[in-house]
1. Quick one: 3J(HN,Hα) in Hz for segment 22-39, Karplus 6.51/-1.76/1.60 with θ = phi - 60°, rounded, Gly and Pro as x.
2. Among Cys265, Trp138, Gly4, flag the residue with its Cα farthest along the positive direction of the charge dipole of the chain, charges on Cβ as +1 for Lys/Arg and -1 for Asp/Glu.
3. How long are the three semi-axes of the equivalent ellipsoid of segment 91-230, in whole Å, if each is the root of 5 times an eigenvalue of the C-alpha gyration tensor, listed from largest down?
4. With point charges of +1 on the Cβ of Lys and Arg and -1 on the Cβ of Asp and Glu, referenced to the Cα centre of the chain, which listed residue (Ala347, Pro54, Ala310) lies farthest in the positive direction of the dipole?
5. Nearest 5 percent is fine: what portion of the DSSP beta bridges confined to segment 206-332 is antiparallel?
6. Going by Cβ distance under 4.7 Å, what cysteines of the chain have no possible disulfide partner?
7. For the chain, take N as its residue count and report Rg(C-alpha) divided by 2.2 N^0.38 Å.
8. Give, rounded to the nearest 20 debye, the magnitude of the charge dipole that the chain has about its Cα centre when Lys and Arg contribute +1 at Cβ and Asp and Glu contribute -1 at Cβ.
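The values are calculated or read from the model by the stated rules, or taken from the named source; none is laboratory data. Just so you know, these numbers come straight off a predicted model, no measurement behind them. So basically every Cβ, Gly included, is an ideal-geometry build from the backbone, and we count neighbours across all protein chains shown. What goes into the accessible areas is simple: the full protein's heavy atoms, side chains included, and nothing from ligands, DNA or RNA. Shrake-Rupley method; radii C 1.70, N 1.55, O 1.52, S 1.80 Å.
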Amino acid sequence: MENGIIIPDELRFAITRKCQGECRHCYNRSGKDNDLLSGRDFISILNEVHSLNPKMDRITITGGEPMIEPGRILEISEFCHSLGIRVRLVTRGWELDEEICRKLKNAGVTRIQIGLDSSGNIGYEDDSQTKWDTLHSWLRCDADGFAKTIEAIKLSVRCGLDTSIRFSLCRSNLNDVSDTYRYVSDLGVSKFKFRVLFPDGRAKNRLIKELIKAEEMAEAQYQLIKASEKNKTLVEITQPCLFPLPHLNELHKSPQEFNAYSEACPCGTTAAYIDSNGDVKYCLFDEHSLGNIANSSFLDVWNSKPARKAREKRCPLDLSGSNCSAFNKLYSQFDDYSMFMGNYAEAVKQKITRGI
């Protein structure tokens with residue numbers, strides 16, 4: 001892997017850190033206006049990478065809230081579309097309307113990913129005894145957060161955009177995973193991306209009590225996999241995942257009836273993350289950068305000594321398909337990660353005997 005230059009197949013752009021929300025679980029404390037890169041700057045990075053890797057076929061646009069900069073999204077997406085590069089947009093969805101959905105689709109946005117963390121069936125009471133309609137609304141510090149998000153999902157589907165859901169597992173929604181999955185499946189979403197709450201950014205300071213036990217994670221994954229049986233909405237279970245699920249490119253070959261898969265993390269080699277201030281990171285959940293494109297070209301940073309060291313240390317974990325170096329680093333600040341993974345592996349082993 002280190003014998004030559006590393007050129008990613010996917011770029012992940014935080015095109016802005018600006019955001020009007022105050023989500024309690026925001027991994028990067030979005031909201032500050034520290035944007036230094038323009039749409040043309042991101043396009044220059046795309047040109048740099050695509051010229052050496054014409055097979056690069058996808059990017060992810062995230063933030064902050066990227067829909068605060070719709071012109072930047074359209075500019076980058078139109079360029080990608082001209083090269084046959086797929087574009088995934090990660091947004092809360094509240095800024096969407098029919099006109100912008102049409103523009104996004106015409107510009108080449110191939111998938112919209114919207115965060116949703118509860119089904120609407122369960123209310124939530126916070127530490128001050130304030131009652132919320134859902135955990136989702138509480139996490140987003142907005143009494144209408146759940147309703148706004150559901151309307152965004154319905155709008156996206158209605159406008160013909162491939163729509164996926166990102167669900168963050170924490171203590172308060174452990175028993176709501178499968179119901180949320182079934183609910184959004186009925187709305188017509190194509191994919192349900194299931195991940196553990198990352199204790200970083202605002203979550204690092206506010207949501208430590210929401211971190212789950214290893215056995216709880218195994219049970220939530222198990223219930224979701226079972227719920228995917230013969231369901232049309234694809235489930236992606238991100239790392240760590242020790243259940244014997246196929247990878248995405250093997251899903252169609254699998255004899256299982258579960259519509260769920262896991263996939264080795266692409267961070268560090270296949271995928272690169274570039275922040276709106278020019279920082280290049282191994283993973284979007286990193287607190288520290290590998291370098292900044294203000295001082296070097298993107299590929300120089302991506303192949304620098306700090307990047308090589310990060311790959312040597314972290315890729316063996318990430319490429320295993322059953323671990324996550326970012327979750328390891330973050331979770332270890334609050335608990336014994338080795339014990340966590342040992343307990344998780346034992347819980348998975350017990351559940352496999354029940355039919356997965």
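1. 9, 4, 5, 9, 5, 6, 10, 6, 4, x, 7, 8, 10, 5, 10, 9, 8, x
2. My answer, from the dipole projection, is Gly4.
3. Details: eigenvalues 134, 66, 37 Å².
Whole-Å semi-axes of the equivalent ellipsoid: 26, 18, 14.
4. Toward the positive end, the furthest listed residue is Pro54.
5. On the way: 5 of 8 bridges.
Given both bridge residues lie in segment 206-332, the antiparallel proportion sits at roughly 60 percent.
6. Cys19, Cys80, Cys141, Cys170, Cys241, Cys265, Cys315, Cys324
7. Numbers: Rg = 19.6 Å, N = 356, 2.2 N^0.38 = 20.5 Å.
So the chain has a normalised radius of gyration of 0.96.
8. Values: 48 positive and 49 negative charges, 97 e Å.
Using only the charged Cβ atoms, the result is roughly 460 debye.
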